[in-house]
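Here the structure is laid out as structure tokens; the discussion comes afterwards.
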Amino acid sequence: MPLEEPTPTLAALEAQGDVAADYLEELLDICDLDGDLDIDARNGRAYVSIASAGADLNRLARPEAVAALQELTRLAVQSKTGEFSRLILDVGGSRQAREAELERIVEAAITRIEEGSVSAALPPMSSYERKLVHDIVADRGFVSTSRGEGKERHTIITGRS
């Protein structure tokens, strides 16, 4: 079983957010994109959101682009601070859209269980998305576990708790 990373202090999370914001501001400038950055620290993670009044961020808000940009930003933070970062990036409301999509996926899986399936396996997803799924499943009164390794790790939903 892997060792748990210690929960960073609020000051460390704020420092991660500042480094991430600097990195992302430079990237937006290079790409000639407008965006307002918001930094937050909660639940042991730094959160950085990029918002734009225009449609400038549409391509960056695609799930694959957000995931790639989040990894690059985490690497930039790690390079600057020397600490592993679990930073979460949101571009143009992409996280909220993904959370809504995860809720729909969970609802479909629960419907299958209520119609007689013993369990329902969800597609592989990131640890952050699996945590969101576990929370949604628990709120609905069902049980979920994660199975698999690496990029194949996924959630299995079973009957009521």
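The values are calculated or read from the model by the stated rules, or taken from the named source; none is laboratory data. The structure displayed is predicted, hence computed values, not measured ones. So basically every Cβ, Gly included, is an ideal-geometry build from the backbone, and we count neighbours across all protein chains shown. Quick note on the areas: whole protein, heavy atoms, side chains included, nothing else; ligands and nucleic acids left out. Shrake-Rupley method; radii C 1.70, N 1.55, O 1.52, S 1.80 Å.
Observations, loosely collected:
- Heavy-atom accessible surface of region 116-161, averaged per residue, reaches 58 Å², computed with a 1.4 Å probe.
- Distribution of pairwise C-alpha distances over region 57-161, 10 Å bins, in %: 14, 38, 31, 14, 3, 0
- Accessible surface computed residue by residue for region 26-95, with neighbouring protein chains in place and a 1.4 Å probe, gives 59 Å² per residue.
- Evaluated with a Cβ-only charge set (Lys, Arg +1; Asp, Glu -1), the chain carries a dipole of roughly 880 debye about its Cα centre, given to the nearest 20.
- Relative contact order (%) - criterion: Cα under 8 Å, at least six apart; region: the chain: 16
- Separation of region 55-73 and region 111-127, taken as the distance between their Cα centroids, equals 28 angstrom.
- Span per principal axis, largest first, for the Cα atoms of region 1-128 (Å): 52, 41, 20
- Stretching the chain fully between residue 11 and residue 108 yields a gain of 30.9 nm (0.36 nm per residue, less the alpha carbon separation).
- Compactness check for region 90-151: Cα Rg over 2.2 N^0.38 Å is 1.15.
- Ligands, DNA and RNA left out, the accessible area of region 1-95 computed with a 1.4 Å probe is 51% carbon and sulfur.
- The charge dipole of region 36-87, taken about the Cα centre with unit charges on the Cβ atoms of Lys, Arg (+1) and Asp, Glu (-1), comes to about 180 debye, rounded to the nearest 20.
- Sequence-distant contacts, meaning Cα pairs under 8 Å at least 6 residues apart, place the relative contact order of region 115-161 at 46 percent.
- For region 8-18, putting each phi into the Karplus relation 6.51 cos²θ - 1.76 cosθ + 1.60 with θ = phi - 60° gives couplings of x, 6, 4, 4, 5, 5, 5, 5, 4, x, 5 Hz, in residue order, rounded to whole numbers and with x for Gly and Pro.
- Using alpha-carbon coordinates, inclination of helix 127-139 to the longest axis of the chain, degrees: 50
- The angle separating the long axis of helix 94-114 from the principal Cα axis of greatest extent in the chain is about 10 degrees.
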